[in-house]
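Take a look at the structure below.
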Amino acid sequence: MRGLFDRNRPDPNAVRRIKMLVTERFGLPESTTLAVAELRCHEPNCPPVETVITAREDDGSMRDWRVAKPLSDVERVDIEMLGHRP
């Protein structure tokens, strides 16, 4: 049984792949810091698992994107769709 503080470590290769795809998609400079996290939600109308990607720029500005699937399932097409409205 998993405890409250047990942590599932994300696949480092999947994290690197997502960072590369986001950097390419948005043309981010090397100075941008990217963070990728997989979050679980138990609130109504919230996907059970989502991947959150945060970009921090040198000027202190931040952008974040959410993909409603586990980190290891995020594909190029998911990243290409970020910033587009359906």
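The values are calculated or read from the model by the stated rules, or taken from the named source; none is laboratory data. No experiment lies behind these values; they were computed from the predicted model shown. All Cβ positions, glycine included, derive from the backbone under ideal geometry; neighbour counts span all protein chains shown. Areas reflect the complete protein model, heavy atoms only, side chains present, ligands, DNA and RNA absent. Shrake-Rupley method; radii C 1.70, N 1.55, O 1.52, S 1.80 Å.
Among strands (runs of 3 or more DSSP E) lying entirely in segment 30-85, which contain 2 or more residues that are of a type outside the set (S, T, N, Q) and within 14 Å of VAL15 (Cβ to Cβ)?
33-40, 49-56
Mind listing whichever residues of segment 49-72 are of a type in the set (Asp, Glu), within 12 Å of the chain's Cα centre (by Cα) and surrounded by 13 or more Cβ atoms within 10 Å (Cβ to Cβ)?
GLU50
Among THR23, THR32, which is the only one that is open to solvent by 40 Å² or more (accessible area, probe 1.4 Å) and modelled with pLDDT of 95 or more?
Criteria check complete, one pass: THR23.
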